[in-house]
Amino acid sequence: MLQQILADMYIDPELLAELSEEQKQILFLKMRQEQVRRWKETEAAADKNSAKKVTQRKAHGKSVKWKLGTDSEVWVWVMGEHTLDKPYDVICEEIQALRAQQEAGEAR
């Protein structure tokens, strides 16, 4: 019965109501241990897969190098955060106007 509960990670509420507090705590502990075990297996598999992908990418000679800020963290720019940044609407209008000019030039 315990193996089925741990496999499904579900216990019927009626059955849970029949358990004593000590049994509930033991069941909770076992379920949590099973969750951690599954998570560790998933993480190990993901690490294994990502290690394979990295070696495959290196074979092609391509790589990504992130620009780092003064704090040695990945540099990030948020549009609109700086006072000199144009609003999104203005940027879109400029792009549309530029495309319209290019299409008009091609039509001639």
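The values are calculated or read from the model by the stated rules, or taken from the named source; none is laboratory data. Source: prediction; values computed, not measured. So basically every Cβ, Gly included, is an ideal-geometry build from the backbone, and we count neighbours across all protein chains shown. To get the accessible areas, we keep the full protein, side chains included, count just its heavy atoms, and leave off ligands, DNA and RNA. Shrake-Rupley method; radii C 1.70, N 1.55, O 1.52, S 1.80 Å.
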For the chain, what is the largest minus smallest coordinate of the Cα atoms on each principal axis, given in angstrom and ordered from greatest to least? 82, 40, 38
Close Lys-Lys pairs in the chain, where close means Cα under 28 Å and separation is 8 or more or interchain: 20
Given only helices, namely DSSP H runs of n ≥ 4 each adding -39500 (n - 2.57), what is the per-residue ellipticity at 222 nm of the chain, to the nearest 500 deg cm²/dmol? -23000 deg cm²/dmol
So, with a 1.4 angstrom probe, what is the percent of accessible area on the chain that is carbon and sulfur? 55 percent
Working out 0.36 nm times the residue gap between Met9 and Leu98, then minus their Cα-Cα distance, what length gain in nm do you get to one decimal? 26.3 nm
Total charge of the residues flanking Leu27 in space, meaning their Cβ is under 11 Å from its Cβ, with Lys and Arg +1 and Asp and Glu -1, is 0
What distance in nm separates the two pseudo spin-label positions at Glu34 and His82, each 7 Å out from Cα along the beta-carbon direction? 5.4 nm
Which is farthest toward the positive dipole end of the chain among Gln25, Pro13, Thr83, measuring Cα position about the Cα centre, with Cβ charges +1 (Lys, Arg) and -1 (Asp, Glu)? Thr83
Leaving out ligands and nucleic acids, note down the accessible area per residue over the chain with a 1.4 angstrom probe, in whole Å². 96 Å²
Charge dipole magnitude, Cβ of K and R +1, D and E -1 - the chain, Cα centre, debye nearest 20: 1020 debye
If you take the beta carbon distance between Asp47 and Trp75 as r and set R0 to 30 Å, what does 1/(1 + (r/R0)^6) give as a FRET efficiency, to the nearest 0.05? 0.70
